[in-house]
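See structure below.
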Amino acid sequence: MTSPQHDQSPSARSPLRNEDREAAVQRLQEAYADDRISHEELDQRLDQVLTATTPDALATAVRDLPPERPGTTSTIAAASGRIKRSGPWQVPRHLKVESAFGKVRLNLARAVITYPVVDIELVLGTGGAKITVPRDATVDTEGLTAGWKTIRYEPRSPVRADGPTIRFSGALGFGRLTIRHARR
């Protein structure tokens, strides 16, 4: 009689790495943003990814999705000083903004947004951030954590269904984040 350990594939016995889980979550987010899977399917698959204990279980949740696109996250970073984007600038699908001590000003009101969902990850130390989103955008701040000060955002209502969804994630140290909708 063989032991159950010998009946399993090598990947079923190997430990699950955090990087693999994060990559799977990324692929699911991209598939959802590209309208390849529904919101309900995203929730179901995220649950599979987050509860997976082996690489095989993780692979099952993303088996029919296209491979992760390399280089899809654009990063704007500054140790100190100001980070500023305004006017008609191209907003990438994934944007990471890193600032240790400076101020961040992102104005997406006239920006070119070609994706239905844009993920903006903020990694801010002591500087504050002011972000203006399009008038018709839906804003999701559930992925943000604030260390010292609060996050200021008042949802605009009613929001038109055809606007982009801007999802914020990341961590704020000692600075304040203010998100507002453009007036026009």
Failed item in (1) surrounded by 15 or more Cβ atoms within 10 Å (Cβ to Cβ); (2) free of Cβ contacts under 8 Å to residues at least 40 places away in the same chain; (3) hydrophobic (A, V, I, L, M, F, W, C), with residue 113 passing the rest
(2)
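Only residues that are in contact (Cβ under 8 Å) with a residue 40 or more places away in the chain, within 24 Å of residue 39 (Cβ to Cβ) and assigned to a strand (DSSP E or B): list them for the stretch 132-154, please.
To start, the set of residues in the stretch 132-154 that are in contact (Cβ under 8 Å) with a residue 40 or more places away in the chain comprises 132-135, 137, 139.
Filter once more, so that each one left must be within 24 Å of residue 39 (Cβ to Cβ): 133-135, 137, 139.
Residues satisfying the conditions are 133, 139.
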So the check is Cβ under 8 Å with 6+ separation or different chains; which pairs have a first residue in the stretch 22-46 that's β-branched (Val, Ile, Thr) and a second one that's crowded, with 16+ Cβ neighbours inside 10 Å?
25/46; 25/49; 37/28; 37/31; 37/45; 37/65
Top-ranked residue of the stretch 116-135 - restricted to ones that are modelled with pLDDT under 90 and in contact with a Lys or Arg (Cβ under 8 Å, 6 or more places away or on another chain), ranked as surrounded by the most Cβ atoms within 10 Å (Cβ to Cβ):
127
Answer yes or no as to whether residue 167 is among the charged types (D, E, K, R), surrounded by fewer than 17 Cβ atoms within 10 Å (Cβ to Cβ) and either in a strand (DSSP E or B) or without any contact (Cβ under 8 Å) to a residue 24 or more places away in the chain (or both).
no
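Matching residues to (1) more than 30 Å from residue 107 (Cβ to Cβ); (2) modelled with pLDDT of 80 or more:
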{"residue": "15", "(1), (2)": "yes, no"}
{"residue": "18", "(1), (2)": "yes, no"}
{"residue": "35", "(1), (2)": "no, yes"}
{"residue": "57", "(1), (2)": "yes, yes"}
{"residue": "75", "(1), (2)": "no, yes"}
{"residue": "82", "(1), (2)": "no, yes"}
Looking at this structure, is residue 157 at pLDDT 90 or above, outside the structural domain of residue 35 (by TED's automatic domain parsing) and under 24 Å from residue 39 (Cα atoms)?
no
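The values are calculated or read from the model by the stated rules, or taken from the named source; none is laboratory data. As the structure is a computational prediction, the values presented were derived from the model and not from experiment. Positions of Cβ are backbone-derived with ideal geometry, glycine not excepted, and every protein chain shown enters the neighbour counts.
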